[in-house]
Amino acid sequence: MIATIVSLAIFSLPMSPTVDPDPHESGVVVGDVDNGKGNGPIPKQPLPVAGPPAPEEEWVPEPFYCRPQAPFPNTDDCIMKPDDEPESLRPATPDEVREEVKRVGLASVRVQVQPVGATLVNLDTILSTSAVPIETTVTVLGTPVEIKATAASFTWHHGDGTSQTTTKPGRPYPAKDVVHQYRKPGHVNLRVDVNYQVDFRIEGGSWQQLADPITAPGPATSLRIREARPVLSR
Amino acid sequence: MKSILGVLLVGAFLLSSCQGEAAEPKAAPQTTAPANPDATLPPMPAAANEFTPSGASTFVRHYVEVMEYASQTGDVSELKRLSFEDCEGCNRYIDVFVDMYAKGGYSKPRDWSVGGINLLFNKHEGYESTARTSLKLSTGTIKSSSEATEHTYPKTSGKVILGLVFDDGWRMSQIAGKE
C-alpha cells in the first residue's frame, strides 16, 4: 500500500540539523511520503508486526479535534468533529478565531487611582491605566493564526453604579484625561475593561479584523471615599 | 523479575568492586559538558497508553516531547522505542540527532510543541490512525558538528502529518511534512 503513495512531502524544518540536504532550507524532504491527497489516512496495512486480520468492513476514520485538557495537561481532550472534512484544509472562520482568542484570553489591566487608596466626595478622582499592544499566535483547527490586539477603548466601572468609556487610557496627575466624582462616602471597587480591536492572519495571509472588539475585564481596585468636613479654626 | 533485577544489581556492584581493586589506572575518557545538562526524558503520561482518540493525541504530544529530549541530548533510545523500525520520517530525525552528537554538535534548548491535533482515529487496533497538526519550535541554536558554526534559528511552525498505530501501546509509523 505504501508503494501507492506517490508524492513526497516537502516541509521546511528548521529544527533538525545536518540532514543532507539541509532540512533548515525550504523545500526539503524530511519525512515519509504523503498520500498525495494532502490528507489522511495514510494506508499502512498490514503492519510489519503481527497484527489482527484486516477488518472486513472498510474502515471509516473517526474525525476528532484534540487539544490539551486544561486541568490535566498530560491528557488531551478530543471532541468528535461533525464531519470528516480535514479542518486544516479550510481556513479558520473569524468566529472560530474569536472563540480561541477569548479562550486564551487577552491581557487585563488594573486601574491606577489618584488620590491613592482614598478620595473625597465631589473631588476629581483621576483614573488611568496602561495597555500595550499584544502580538501572539494561537492555533485554530491545527493552523497557527497570528493575532494583533490593540486597545480600542476603555470602559471604566467606577463601582458606584456608573461607568464611562474613553478611547484613551488616561494619564496620572496633573493630567485629568479621565476623572470621576463620587457623590457619596463609602467603599467602592473600581475596574477598567479593555476593549481590544483584534486583527488576525492565517499562515502569512492578509490581515483581517474581527467585527467586534473582545473585552478583557480588569481586576478590582479598592477605593475609600471620604467626606470632607469643614473645621473652624482661629 | 525483582529477584533477577536484584541479582543483576548485586552482580554489577561486585563487578565494580573487583574492578576497583584490580584495575590499573586508565586515562579518563575525554568528555565534553553536555549541551543541555538539565534535559530529562519526559515521562510517558498514562493516557498515552490508551487506545482512544485522547490516548492517540496524548501520545503524539508525548512523542514530540521525546523528540525535543533527543534533540537536546542525542539520546534516541526512547525515540526508537516509540517508533516503528520502518518509519522513515522517524529515522531521519533519529539519524540527525545521532549524527549531530557523534560529530560533537548540539542543539541548545528549542522547545518543541504541537498545536491542536486533527485526528483520524482508526478504531481497529493494529491499524494506522492519522494526526495532522502544526509542529512548533522556539528559537534556539544548533551546531551540527564540532567544526561547524553555531547557527541561531528563529521560532518556527510547520504542518506535519503523523501516522501512529496501537499495538500493545502506541508507536509512530510515519512522519511527513505537508506542503
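The values are calculated or read from the model by the stated rules, or taken from the named source; none is laboratory data. Computed from a predicted structure; not experimentally measured. Cβ coordinates were reconstructed from backbone atoms using ideal geometry, including for glycine residues, and neighbour counts include every protein chain displayed. Surface accessibility is based on the protein's heavy atoms, side chains included, excluding ligands, DNA and RNA. Shrake-Rupley method; radii C 1.70, N 1.55, O 1.52, S 1.80 Å.
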Practice task
Test B:Thr141 against the stated conditions and say whether it is more than 7 Å from chain A (Cβ to nearest Cβ), open to solvent by 10 Å² or more (accessible area, probe 1.4 Å), in contact with a strand residue (DSSP E or B) (Cβ under 6 Å, 6 or more places away or on another chain) and in contact (Cβ under 8 Å) with a residue 12 or more places away in the chain.
Solution key: yes
Practice task
Check the range B:138-160 and report whether any residue there is touching a Phe, Trp or Tyr at 6+ places or on another chain (Cβ under 7 Å) and of a type in the set (Lys, Arg).
Solution key: yes
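Consider A:Thr162 carefully, then state whether it is β-branched (Val, Ile, Thr) and surrounded by fewer than 17 Cβ atoms within 10 Å (Cβ to Cβ). Full working, then the answer.
Working: β-branched (Val, Ile, Thr): yes; surrounded by fewer than 17 Cβ atoms within 10 Å (Cβ to Cβ): yes.
So A:Thr162 fits the description; yes.
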Problem - Pairs, first more than 8 Å from chain A (Cβ to nearest Cβ) in the range B:43-60, second of a type in the set (Asp, Glu), C-beta under 8 Å, six or more apart - result: B:Phe51/B:Glu125
Practice task
Return only the number of the condition from (1) more than 19 Å from the chain's Cα centre (by Cα); (2) more than 8 Å from chain A (Cβ to nearest Cβ); (3) buried (at least 21 other Cβ atoms within 10 Å of the Cβ) that B:Tyr106 does not satisfy.
Solution key: (1)
Practice task
Tally the residues that are of a type in the set (S, T, N, Q) and more than 7 Å from chain A (Cβ to nearest Cβ), restricting the search to the range B:148-179.
Solution key: 2
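Got at least one residue in the range B:148-167 being surrounded by fewer than 16 Cβ atoms within 10 Å (Cβ to Cβ) and in contact (Cβ under 8 Å) with a residue 40 or more places away in the chain? Working first, answer last.
Initially, the range B:148-167 is screened for residues surrounded by fewer than 16 Cβ atoms within 10 Å (Cβ to Cβ), giving B:148-152, B:154-155.
If we keep only those that are in contact (Cβ under 8 Å) with a residue 40 or more places away in the chain too, we end up with B:148.
Within the range B:148-167, one or more residues are surrounded by fewer than 16 Cβ atoms within 10 Å (Cβ to Cβ) and in contact (Cβ under 8 Å) with a residue 40 or more places away in the chain.
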Fill in the blank from the handout: Listed by range, strands (runs of 3 or more DSSP E) wholly within the range A:124-234 having at least 2 residues that are among the charged types (D, E, K, R) are A:143-157, A:186-202, A:221-226
Practice task
Go through the range B:77-93 and give me each residue that's touching a Cys at 6+ places or on another chain (Cβ under 9 Å), open to solvent by less than 80 Å² (accessible area, probe 1.4 Å) and either of a type in the set (Val, Ile, Thr) or more than 8 Å from chain A (Cβ to nearest Cβ) (or both).
Solution key: B:Leu79, B:Leu82, B:Ser83
Practice task
Can you give me the number of residues within the range B:46-59 that are out of contact with any helix residue (DSSP H, G or I) (no Cβ under 6 Å at 6 or more places or on another chain) and crowded, with 24+ Cβ neighbours inside 10 Å?
Solution key: 3
Exercise for the section: For the range A:109-123, name all the residues that are in a loop (DSSP other than H, G, I, E, B) and surrounded by fewer than 16 Cβ atoms within 10 Å (Cβ to Cβ). Expected result: A:Arg110, A:Pro115, A:Val116, A:Gly117, A:Val121, A:Asn122, A:Leu123
